[in-house]
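Everything below concerns the one structure shown next.
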Amino acid sequence: MTSGLPAKTVAVVDYGMGNLRSVSQAVQAAAQGSGWHVLITSRPDEVRAAARVVLPGQGAMPDCMRELQESGLRDAVLEAAAAKPLFGVCVGMQMMLDHSAEGDTPGLGLIPGEVVKFDLAGRLQPDGSRYKVPQMGWNQVRQMDHGQGRHPVWAGVPDGSYYYFVHSFYARPSDARHSAGEADYGGRFTAAIARDNIFATQFHPEKSAAHGLALYRNFLHWNP
């Protein structure tokens, strides 16, 4: 490659808004013994040259979209989304959709749909406590048949495994076939989305112990 990157490089995109250290450490742990090289990068040419891309995100959607644009990485991420395996995490998942109600923010438009806020005011959980927004903590994820069976990134992960969430907004894809996983917090919501070479999760695999590492490991072996 002209960039000088090893052929088996996965780029973790650094546009200033992701939990880069924990994401990259988790991907590195998942990559052990596989020959994959994990690179945190803010350089568009390295994102373009990498064989796989991870797009983390945390904080507010308007900030994430602004920083992605101003960093010069937006076009490189869009090119990656068109041509190579791409894994979005948390707000990195929300950015895949058309629009977010958070700050009335346009997304990347890679998967049709919108991002909406939990509306749980006054609602009580089964144990009698009030629902809190943001949802913060472990929740069970049901793997969905999204038109082609269970997604390969779920391989070997028991259905109903628990993952760690921190979010006030959630994705609502226009087409149910793009929902690869669901959780329940005052009602069912999409916890993972997928289309072609894109897979993304609202939860944080890097904070979700062995089942989270399994997703990153499966991502590195996935050939869409």
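The values are calculated or read from the model by the stated rules, or taken from the named source; none is laboratory data. Everything numeric in this text was worked out from a predicted model, so none of it was measured. Glycine gets a Cβ as well: all are built from the backbone with ideal geometry, and neighbour counts include every protein chain shown. Side chains included, ligands, DNA and RNA excluded: accessible areas come from the protein's heavy atoms. Shrake-Rupley method; radii C 1.70, N 1.55, O 1.52, S 1.80 Å.
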Long-range amide H contacts for V115: which residues qualify at under 5 Å (H placed 1.01 Å from N, peptide plane, sequence gap of 5 or more or a different chain)? H99, S100, A101, R172
Proximal charge balance of V133 [Cβ under 14 Å; K/R count +1, D/E count -1]: +2
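Compute the FRET efficiency between D104 and S174 as 1/(1 + (r/R0)^6), taking r as their Cβ-Cβ distance and R0 = 22 Å, and round to the nearest 0.05. Please list the in-between numbers first.
On the way: r = 18 Å, r/R0 = 0.82.
The calculated FRET efficiency here is 0.75.
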Please give the solvent-accessible surface of T105 in Å², to the nearest 10, using a probe radius of 1.4 Å with every protein chain present. 10 Å²
Mind ranking Y163, Y185 by accessible surface for me, highest first, 1.4 Å probe? Y185, Y163
Expected max-MSF residue from G33, G156, G92 in the GNM of the chain (alpha carbon, under 10 Å) is G33
Which ³J(HN,Hα) values in Hz, rounded to whole numbers, follow from the phi angles of segment 39-56 under the Karplus curve 6.51 cos²θ - 1.76 cosθ + 1.60, where θ = phi - 60° and Gly and Pro get x? 10, 7, 9, 10, 9, x, 5, 6, 5, 5, 7, 5, 7, 9, 9, 10, 10, x
Using a Cα-Cα cut-off of under 24 Å, which lysines could be cross-linked to K84, ignoring same-chain neighbours fewer than 8 residues away? K8
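With +1 on the Cβ of every Lys and Arg and -1 on the Cβ of every Asp and Glu, and nothing else charged, how large is the dipole of segment 141-209 about its Cα centre, in debye rounded to the nearest 20? Can you show the working numbers first?
Details: 7 positive and 7 negative charges, 14 e Å.
My answer is approximately 60 debye.
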List the relative contact order of the chain as a percent without decimals, with contacts defined as Cα pairs under 8 Å and 6+ residues apart. 20 percent
Ignoring everything but the protein chains, give the 1.4 Å probe accessible area of D184 in square angstrom, nearest 10. 80 Å²
Between L124 and W138, what length in nm is gained on full extension when 0.36 nm per residue of separation is reduced by their alpha carbon distance? 3.3 nm
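Can you give me the relative contact order of segment 120-194 as a percent, contacts being Cα pairs under 8 Å and 6 or more apart? Intermediate values should be presented prior to the final figure.
Details: 124 pairs, mean separation 24.0, N = 75.
Result for segment 120-194 is 32 percent.
Among bridges DSSP assigns within the chain, what percent are antiparallel (round to 5)? Each step should come with its number before you reach the end.
On the way: 27 of 45 bridges.
Rounded to the nearest five, the antiparallel share is 60 percent.
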Within a Gaussian network of the chain (alpha carbon springs, distance under 10 Å), most fluctuating of L110, L68, L124: L124
In a Gaussian network model of the chain with springs linking alpha carbons closer than 10 Å, the residue among R188, R48, R177 that fluctuates most is R188
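Given a 1.4 Å probe and every protein chain left where it sits, what share in percent of the accessible area of segment 51-205 is carbon and sulfur? Present the calculation step by step, with values, prior to reporting the outcome.
On the way: 3010 of 6460 Å².
C and S fraction of accessible area: 47 percent.
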Which of the aspartates and glutamates could a cross-linker bridge to K132, judged by Cα under 16 Å and excluding same-chain residues fewer than eight apart? D119, D184
Average accessible area per residue (Å²) across segment 58-108 - probe 1.4 Å, nucleic acids and ligands excluded: 36 Å²
For the charge dipole of segment 1-118, defined by +1 on Lys and Arg C-beta atoms and -1 on Asp and Glu C-beta atoms about the Cα centroid, which residue among P106, V89, Q28 has the Cα displaced farthest towards the positive pole? Q28
For segment 150-224: accessible area per residue (Å², 1.4 Å): 38 Å²
Just from its helices, what would the mean residue ellipticity at 222 nm be for the chain, if runs of 4 or more DSSP H residues each count -39500 (n - 2.57) and the sum is divided by every residue, rounded to the nearest 500 deg cm²/dmol? -7000 deg cm²/dmol
